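Right, one structure below, let's go through it.
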Amino acid sequence: MGTDFSIKPVGAPVAAPAVQPAPSATVDAVATQLPPSQSVTAADVSARVRNEPHATTDTLSHQVIVDRDAASMVYQVVDNRTSLVVKQFPDEAMLRRRAYFRTLDMVKAEREQSMATDRRA
């Protein structure tokens, strides 16, 4: 069975895991005996990488606003200490484009409506 848990036909090639040989520096290294006060241990790799979504919630808040010009809802992540927007979806450029095209559509609709009601002699 492959590592990707997919069903493959019999005789299909299977990816073999590549085993990296140990670097020559670790093979040729000399064992040392140090007192505990001078020894250093490797840091736990799993401790560095963490997925803690609640760790930053005390400094960040989430809000949803309605942009009337763009006729869109905007999701923002705001820093509580500085009141600055950290992330926003859709971004500011997209909102400006939407507002611009919405204004063009409104002007076009007004022209068409005024032309339909004008009398021609």
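Rule-based calculations on the coordinates, nothing more; no lab input. Only a predicted model underlies this, so the values are computations on that prediction, with no experimental measurement involved. Cβ sites come from the backbone with ideal geometry, for glycine too, and all protein chains shown count toward neighbours.
Backbone phi angles across the stretch 82-87, fed through the Karplus curve with coefficients 6.51, -1.76 and 1.60 (θ = phi - 60°), yield HN-Hα couplings of 9, 6, 9, 6, 7, 9 Hz in residue order; Gly and Pro are listed as x. Each Lys and Arg adds +1 at its Cβ and each Asp and Glu adds -1 at its Cβ; summed about the Cα centre, the stretch 57-121 shows a dipole of about 320 debye. A cut-off of 5 Å between modelled amide H atoms, ignoring neighbours fewer than 5 places along the same chain, links Val86 with Val77, Val78, Asp79.
Spin-label pair Val27-Ser61: with each label point 7 Å from Cα along the Cα-Cβ axis, the two points sit 6.1 nm from one another.
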